[in-house]
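A.B. asks: Let me begin by handing over the structure; questions about it come next.
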Amino acid sequence: MWACPRCSSDELEVNVSVWATLTQDDDGNLETDTSEPDDSNHEWDDESIMRCTACNYMAEAKEFEEDEDPGGELCDQCYSSDADIDHTDSAGNTVCVNCAKDEETEEDGADGSEEN
């Protein structure tokens, strides 16, 4: 099953690649036609960008594939950026599964920053 990891909606869009015929005019302008190629199938994989149309969350498609039992709950802030919610319990442990996932990504260095 596929659903938004932030709001659980299944209203999703995915960026796909498709073969298209290119037509070029004398000035070098290109047009694409996806009805012509024999193989005009579209493709996407777990690294394709996916978007939830309910909350506009965007990430790689693999983030939208639901675990059988992800456990935990999402906090209100992950549903609404306007909420002023603490994502930790009294001991300082992250209690929201979405926020915990974000923390793991930052700890793994997958936040896009480079180490020198």
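A.B. asks: Any idea how many residues of region 1-22 are of a type in the set (Val, Ile, Thr) and modelled with pLDDT of 90 or more?
C.D. replies: Total satisfying the criteria: 2.
A.B. asks: Moving on to the next point. Give me the pairs: first residue in region 22-36 and β-branched (Val, Ile, Thr), second residue assigned to a loop (DSSP other than H, G, I, E, B), beta-carbon distance under 8 Å, and six or more apart or on different chains, which are they?
C.D. replies: Correct list of pairs: 32/20; 34/19; 34/20; 34/40.
A.B. asks: While we're here: Strands (runs of 3 or more DSSP E) wholly in region 1-69 with at least 3 residues that are more than 9 Å from the chain's Cα centre (by Cα) - which ones?
C.D. replies: In region 1-69, 21-24, 30-33 are the strands (runs of 3 or more DSSP E) which contain 3 or more residues that are more than 9 Å from the chain's Cα centre (by Cα).
The values are calculated or read from the model by the stated rules, or taken from the named source; none is laboratory data. Quantities reported herein were computed from a predicted structural model and do not represent experimental measurements. Note that we place each Cβ from the backbone using ideal geometry, even for glycine, and neighbour counts take in every protein chain shown.
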